[in-house]
Amino acid sequence: MIFDRIVRSRRDLFLLFAACGVAGLGAGSWPATVLAQAAGGSPLKIGMIGAGREGGALGTLFVKAGHPVMFSSRHPEDLKGLVEGLGPLAHAGTVAEAVEFADVVMIVVPYTAMEQIGKEYGNALAKKALVIDVSNPVARRDGDDIVKWVEQQGGAGLATAKLLPGARIVRAFNAISYAKLAGDAHRQGELVAVPIAGDDPSAVAAASSLIREIGFEPVVVGGLAMGKYLVPGTPLGGEHTAAEIRQLVASLH
Ligand SMILES: NC(=O)c1ccc[n+]([C@@H]2O[C@H](COP(=O)([O-])OP(=O)(O)OC[C@H]3O[C@@H](n4cnc5c(N)ncnc54)[C@H](OP(=O)(O)O)[C@@H]3O)[C@@H](O)[C@H]2O)c1
């Protein structure tokens, strides 16, 4: 995969940053600035929409990697224990505050919430350099209708793109259990790989860099149309090495 090949190292990320300049996304543009920060290893402000089991575990890994994180809830007072335990880089706020705070937003909510999030925060999310979508449509939780609607859109990647028009979306971490994240991060030997899908090269590059920082190996499996495989219950679900994911992806075509 082309993106996968071009963002294997920080140096590659700088080259992509330079390429963004050529493409008119250079100096001063928001995605290019965030890409440069990611390339230089500078902290990025991460806003978590959804700080439950999966969002809480992922946000914790980003705090441990040195990034300021705002965990959000419709009841931010409930997040006091989580953020106090994580130290000064962790903050709690409303969803609106997390969106305002963030360079990069992670959406980790039941899929039923995605439409409302798009309506309320879609304009702001379209201005972010990267929106990582971890959310899955799950029939037993979200209902059959939403699962059917997502299928009609061509899968979760394209469905999220429809609900968040203009956002630079990358799907990631969709089928790695919250209970495994802390133990899998920085695994000894071969890293656990995270299949990712996105249409925007700068967003894919920034996501890849962030995923490496928290101790996983990103593997770009394609554009958002491949998001249909980035849900639990497909061959790409669960924990695999990068080589296994590449082999599985080849078998899907
Ligand atoms: N659990 C896993 O192992 C896992 C793994 C991969 C992917 N996922 C996916 O990640 C998503 C979250 O799963 P989870 O297990 O973390 O769920 P969870 O523990 O129930 O947490 C859900 C979070 O979503 C927030 N939320 C719900 N509706 C919202 C809305 N309308 N606006 C803003 N925030 C809202 C909740 O915040 P409030 O405090 O405001 O209620 C809560 O923080 C799901 O789509 C799931 O399929 C889960």
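The values are calculated or read from the model by the stated rules, or taken from the named source; none is laboratory data. This is a predicted model, so every value here is computed, not measured. Here Cβ is always computed from backbone atoms with ideal geometry, including for glycine, and neighbour counts include all displayed protein chains. When the accessible area is computed, the model is the full protein with side chains, heavy atoms only, and any ligands, DNA or RNA have been set aside. Shrake-Rupley method; radii C 1.70, N 1.55, O 1.52, S 1.80 Å.
What does the extension gain come out to for residue 138 and residue 252, with contour length at 0.36 nm per residue minus their alpha carbon separation? Each step should come with its number before you reach the end.
Working: separation 114, 0.36 × 114 = 41.04 nm, distance 2.16 nm.
That pair, residue 138 and residue 252, stretches by 38.9 nm at full extension.
Site pair residue 225 and residue 112 shows an inter-label distance of 3.2 nm when each label is modelled 7 Å from Cα along Cα→Cβ. Coordinate range of the alpha-carbon atoms in segment 131-233 per principal axis, descending: 42, 31, 17 Å.
Taking 27 Å as the cut-off for C-alpha to C-alpha distance, list the pairs among 64/148; 127/228; 127/162 that go past it. Intermediate values should be presented prior to the final figure.
Details: 64/148 38 Å; 127/228 25 Å; 127/162 16 Å.
Table pairs above 27 Å Cα-Cα are 64/148.
For 53, 212, 140, the ranking by accessible surface with the largest value first comes to 140, 53, 212, using a 1.4 Å probe. For the chain, the mean projected area of the C-alpha convex hull, equal to one quarter of the hull surface, is 12.7 nm².
Converting the Cα gyration tensor eigenvalues of segment 40-183 into ellipsoid dimensions via √(5λ) gives semi-axes, longest first, of 24, 17, 14 Å. When all protein chains stay in place and ligands, DNA and RNA are ignored, the 1.4 Å accessible-area order of 180, 64, largest first, is 64, 180.
Would you work out what percent of the accessible area of the chain, with all protein chains in place, is carbon or sulfur (probe 1.4 Å)? Please list the in-between numbers first.
Working: 6080 of 11030 Å².
Percent of accessible area from carbon and sulfur atoms in the chain: 55.
Beta bridges assigned by DSSP with both partners in the chain are antiparallel in approximately 10 percent of cases. Spin-label model, residue 187 to residue 241: label points 7 Å out along the Cα-to-beta-carbon direction sit 1.0 nm apart.
Determine the gain in length on full extension of the stretch residue 145-residue 78; use 0.36 nm per residue of separation and subtract their C-alpha separation, reporting nm with one decimal. Write out the running numbers ahead of the final one.
Working: separation 67, 0.36 × 67 = 24.12 nm, distance 3.08 nm.
Answer, rounded to one decimal: 21.0 nm.
For the chain, the relative contact order is 18 percent, taking Cα pairs closer than 8 Å that sit 6 or more residues apart in sequence and dividing their mean separation by the residue count.
Shown in residue order for segment 168-173 are the 3J(HN,Hα) couplings computed by the Karplus curve 6.51 cos²θ - 1.76 cosθ + 1.60 at θ = phi - 60°: 8, 8, 10, 8, 7, 6 Hz (x for Gly and Pro).
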